[in-house]
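Worksheet: the structure to be examined is printed underneath.
Every number here is computed from the coordinates shown, using simple stated rules; none is lab data. Only a predicted model underlies this, so the values are computations on that prediction, with no experimental measurement involved. Positions of Cβ are backbone-derived with ideal geometry, glycine not excepted, and every protein chain shown enters the neighbour counts.
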There are 2 protein chains.
Amino acid sequence: MALFTSSPSQGASELPRTSSPILHTAVTIDDTFWGPRIQAVREQTLPIMYEQMKKAGYFDADQRGWHKGMQPIPYVFWESDITKWLEAASFSLATHPDPKLEEMVDAAIAFITSLQQPDGYLNLWFTEVEPERRLTNLRDLHELYCAGHLIEAAVAHFQSTGKRTLLDPVCRYADYIDSIFGREEGKRRGYDGHEEIELALIKLYHATGEERYLRLSHYFIEERGQQPHYFDAEAKARGEDPTNFWARSYEYNQSHQPIREQLKVVGHSVRDMYLLSAVADLARELSDPSLRETCERLWQDLVSTRLYVTGGIGSSKDNEGFTSDYDLPNLQAYAETCAAIGLVLWNHRLLQLDADGRYADLLERSLYNGVLSGISQDGTSFFYVNPLESKGTHHRRGWYNCACCPPNIARLFASLGQYIYGVNDTDLLVHLYIQGETSCTIAGQPLKVRQETRYPWDGDIRITLDPAEPTEFGLNLRIPGWCKAARISVNGEEVDLADLVVKGYAHIVRQWQAGDEVVLHLDMPVEQVYAHPAVKEDAGCVALQRGPLVYCIEGADNPVPLHELSIAANASFTSTFEPELFGGSVVLQGEASALSTADWDGTLYRTTPPEQTVQPLTAIPYYAWDNREPGEMRVWIRSGYVNR
Amino acid sequence: MALFTSSPSQGASELPRTSSPILHTAVTIDDTFWGPRIQAVREQTLPIMYEQMKKAGYFDADQRGWHKGMQPIPYVFWESDITKWLEAASFSLATHPDPKLEEMVDAAIAFITSLQQPDGYLNLWFTEVEPERRLTNLRDLHELYCAGHLIEAAVAHFQSTGKRTLLDPVCRYADYIDSIFGREEGKRRGYDGHEEIELALIKLYHATGEERYLRLSHYFIEERGQQPHYFDAEAKARGEDPTNFWARSYEYNQSHQPIREQLKVVGHSVRDMYLLSAVADLARELSDPSLRETCERLWQDLVSTRLYVTGGIGSSKDNEGFTSDYDLPNLQAYAETCAAIGLVLWNHRLLQLDADGRYADLLERSLYNGVLSGISQDGTSFFYVNPLESKGTHHRRGWYNCACCPPNIARLFASLGQYIYGVNDTDLLVHLYIQGETSCTIAGQPLKVRQETRYPWDGDIRITLDPAEPTEFGLNLRIPGWCKAARISVNGEEVDLADLVVKGYAHIVRQWQAGDEVVLHLDMPVEQVYAHPAVKEDAGCVALQRGPLVYCIEGADNPVPLHELSIAANASFTSTFEPELFGGSVVLQGEASALSTADWDGTLYRTTPPEQTVQPLTAIPYYAWDNREPGEMRVWIRSGYVNR
């Protein structure tokens, strides 16, 4: 059974069914899995990050005399750490008011807006450090990328607090940018080397209703990769030879071709995900089938050739991004946390564009594995790269000079509520199984929804619906791609799923009454997962998966060198919930064969095969690795499936 | 059956049996395997190398204005390319007189000796480029290393041609060095960062009978690693902080400890092999059991933890040397050609110290695999590193800026005759099976020996003995460690080997008559070889070996990605001699399982194992790889031995 497929889902011949997310402000999460994680972000990550930024002088650039080349490195885009933190903190304030945090937010906003120039320009680096280089190197210097994160922060702050203290200055800045860039006479035909402003402008359009921002986003997307190439012209204007681009190819920033012509996901993977998030948004906003097909084409490319089983993407450190088909090294995997987050962002938008469970499957895979591994159990340390194998030398760190990942996780978790549900006039969609409540309006009627589950530890989900009046609408429960057997009952009565599942969702239409109860059961056995044979590093290996969670083996549980272990093709595993481990976790236990070194004394090579012994094997969720003593880790375990 | 073992050979309780090599000047090689290779070195490698050196300005340093930092890099030890070439050319002149080559040799010697200083000092770099730095940085600048290769060249030239044109100036230089270094009052207690002069001085002692050179070598060996550390003092004298040593540890040049205390082969592997070659020589010259035990201890360490199956050594590019036990990566293997040559040199000396077949086994393994891979079929291009896996991006090159390997192979092949036989008062030892003739004196009688064989293509060897008078002596034929079944007949009559084999040699004592014929048959089936389970990269894999040859699979013969292939534990292979391939070569043919990609369209991960198809598999000798179109190569092939 394929975990991802590029072939259309069942029912895909239907027209795309669009929906909108129920915003996190309308969602309460009281989930035993996610609750403590969101709490850790709120109580640990956000205040610690603020202190880190303060300590690093983020809020007093002028006093500190920031300058190019100073140590430790102030990255040209350091302000985006502040604005991503602002966005995360704003999200958190919406669901958990906190005067102390609000004070920090207000102070950060006061600092940022104090640096706005009379013409509306608002960028910290190019005001404090290198004003003479304003808008001269969009290719490399993240100027509009920073604008994008500033805009996202402003929108989140406005939507969460109702305050316009950041939104208004940011609109002035967006207006300034709009006055500079575009295809109109007298404007520059530029765009940023690191995509981000494109998706942010669509948020700003929604927050303000100002269509100019939508058009500006659309312009940036359409202009990217057109000839004559803007980055060529810009480099020449700086007196540089454009062919001396340090990244060698414009594939690095996805400006090698106009987006509608691109056939492969390429280059820096965070950039590509942010680009494609905006493309998905625009496809929906503009009802543009060609942009939708572009998304679909690149999605198929990604899931069929360039995706780690953990939902991580970007194999190489060199370009922090994509390399070639099936090149998915484990020990050297880059799989940046931010790229997995970008994959969540893109697939969340694809789900709104077309409610196809494939997108939710991928969102979930990244969220529960490649993203979640990026933060420690206690919310205080972070992975930048997320390898699928370690010799025990990779460890989460409290901060990075390039600190993009920690605030990126924080803003995702603080707004996690918005990823759970989708809604439109006729349908409620449940994308993720996370315990809590939400309210929305459907078919003109207010509706309350309560979800109860211990997911991902088991596959039982109870959903209680409370419409204000009996109302006919479709309840759509996602049947994950990893699930081979599901059951649903409505008010205790089993329903036949056979004809109900369309594009990965069980679609139950009826007149719903207050107190109606739907119980979903998803079978969640331990699966051995095989990679396409072209993935060299995974040949002869299997990964273990249970429900949405990919597992790994760690030295802490398994005392022999991990490469000496192999799993039989018919091996069975028990799943046990251990309440004390990682704040509660299902571990897998079974048997492996271990190559024996007992009779090799002094011998390095011989013509008789190694003896094998039976060895207990314990696997833990991949996301939880490196939360104990340092040691080896492997996701892909040698297997006996070859030459059975 | 172990291919190498650190346990003592059968019969090892006996006293070591020393012997001397029969020099290549007394050996004629007319072997179908080695003949063309030695001819290629003579007719291609040597003249091409001379032209390369001429082109690079090696012979007119003064005219060219060599200076530090010029491009292309003139390495500080560039003269060692000339002297290794001189040594190789001299060896060749001994067996194949060639007036044109002799003219080149004379010209090179005239050039070198013209730069000798009045005090006897003779180094090209520190005369032409940086005279002010003479003998100020032995740690890094290869000054006595160059002296060593100069001495080896002088000895080879003298022994091959009888001329003293290089030997006499070199003796003056050796006398100068002896006047500077030593433990006597007023001398410096230094030694070189790159060992080489130590083994060269022993050769000079043999060539001249001057014991001072033996004592100087002994001093260098004993002084190395003593406290206070010479390289510390030397660095301080240069005004440098000794702890800032770029290689970080004195393990790099084996001066971290006195040699008698060393427990592991460490650091730069060529240096270690040259060091240990001198240690083995001294153990024999001085009948020093502690130096002999040092060799044995380090040999056991190497063969049980730090040796590639190809006889290559040195896993890492970082230090061009040893890393940690069982760290033997295949794709990233360094396995420098010169290091495998160094292993041949050391084991050749160990064989003289104690005729134990284990040393000859290792010598043979390196020679036929890790060394031979370093030179192309036609003798015109060279590998510096010899990986055991390639994506098709490794290729031999005609020359290197650091051109140590090409002349090193040339001098080994041009003197190959000396590695075949050993002799002492009572015994003739046949270490290698190479067709040709030799003469020696044994038990006071002249003896002619003829060896006929197609080795390594088959295991039949016919040896004809022609003593001038009937003479009693022991004929010792090596029974290689890889051979599980051997037969010997003397004058057509089979002899029972059971009690005859001592330490890897069939020991046949009798009164030999002119025309006596001994026929040896060595079984040579295809073997699957397994690595110690701790070798992570080889877990679940096998290598193929037949006789002394390790095989590999190449893309040129096998059209599927090589990692998709696996061999069954009971797979059988046919051996076929293909006369047109690589100048004649046995190829192995059998069947492999290939992971099928047929039903994976668009799928990257799934829960059903890949289908497998039967695929013919062709393996070629490892040494012959990269002689056809570029493509993948693997020595270690996935295997079905696990979870049978």
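Some notes on this structure:
- Structural descriptor for the range B:422-522: relative contact order 29 percent, calculated from alpha carbon pairs under 8 angstrom and at least 6 residues apart.
- Exam field: B:Ser489 pseudo-label spacings to other copies (7 Å along Cα-Cβ), nanometres: 8.7
- Nearest-20 debye value, the protein assembly as shown charge dipole, Cβ charges on Lys, Arg, Asp, Glu: 900 debye
- Partner shielding of B:605-617 amounts to 6, given as the average count of beta-carbon atoms from other chains within 10 Å of each residue beta-carbon.
- For A:Glu580, B:Glu296, order by how many other beta-carbon atoms lie within 10 Å, fewest first: A:Glu580, B:Glu296
- Chain A residue nearest the axis that carries A onto B, by Cβ, with distance in whole Å, is A:Gly540, 3.
- Exam field: A:Lys317 pseudo-label spacings to other copies (7 Å along Cα-Cβ), nanometres: 1.3
- Taking the centroid of alpha carbons for each part, the range B:271-321 and the range B:449-475 are 31 Å apart.
- Convex hull volume per residue for the range A:444-599, taking Cα atoms only, in Å³: 165 Å³
- The distance linking the range A:338-411 with the range B:518-556 is 44 Å (Cα centroid to Cα centroid, whole angstrom).
- FRET E, pair B:Asn570, A:Cys402, Förster distance 60 Å, beta-carbon r, rounded to 0.05: 0.65
- Relative contact order for the range B:297-425, counting Cα pairs under 8 Å that sit 6 or more residues apart, in percent: 23 percent
- Separation in nanometres of the label points that stand 7 Å from Cα toward Cβ, at B:Thr393 and B:Arg487: 5.1 nm
- Considering only alpha-carbon pairs that sit under 8 angstrom and 6 or more positions apart, the relative contact order computed for chain B is 14 percent.
- For B:Ala568, distant residues with modelled amide H under 5 Å away: B:Ser593, B:Gly640
- B:Asp168/B:Arg188 FRET efficiency (R0 30 Å; Cβ-Cβ; nearest 0.05): 0.75
- When the Cα positions of B:Pro559, B:Pro470, B:Tyr505 are compared along the charge dipole of the range B:461-573, B:Pro559 comes out farthest toward the positive end, with charges on each C-beta of Lys, Arg, Asp and Glu.
- Available extension along the chain between B:Ser179 and B:Gln445 is 91.5 nm, counting 0.36 nm per residue and deducting the alpha carbon span.
- Separation between Cα centres of the range A:87-126 and the range B:15-48, rounded to whole Å: 80 Å
- Between the beta carbons of A:Asp496 and A:Arg260, assuming R0 = 30 Å, the FRET efficiency works out to 0.10 to the nearest 0.05.
- The protein assembly as shown gives an Rg/Rh value of 1.05, both radii derived from C-alpha positions and Rh following Kirkwood.
- Counting beta carbons within 10 Å around each of B:Trp246, A:Trp34 and listing the fewest first gives the order B:Trp246, A:Trp34.
- Cβ-to-Cβ counts within 10 Å put A:Val509, A:Val529 in ascending order as A:Val509, A:Val529, the fewest first.
- Here is how far apart the B:Gly69 label points are across copies: 2.0 nm, shortest first, using a point 7 Å from Cα toward Cβ.
- Among the listed pairs B:Lys264/B:Lys448; A:Lys163/A:Lys448; B:Lys54/B:Lys163; A:Lys84/B:Lys536; B:Lys55/B:Lys236, those whose Cα-Cα separation exceeds 31 Å are B:Lys264/B:Lys448; A:Lys84/B:Lys536; B:Lys55/B:Lys236.
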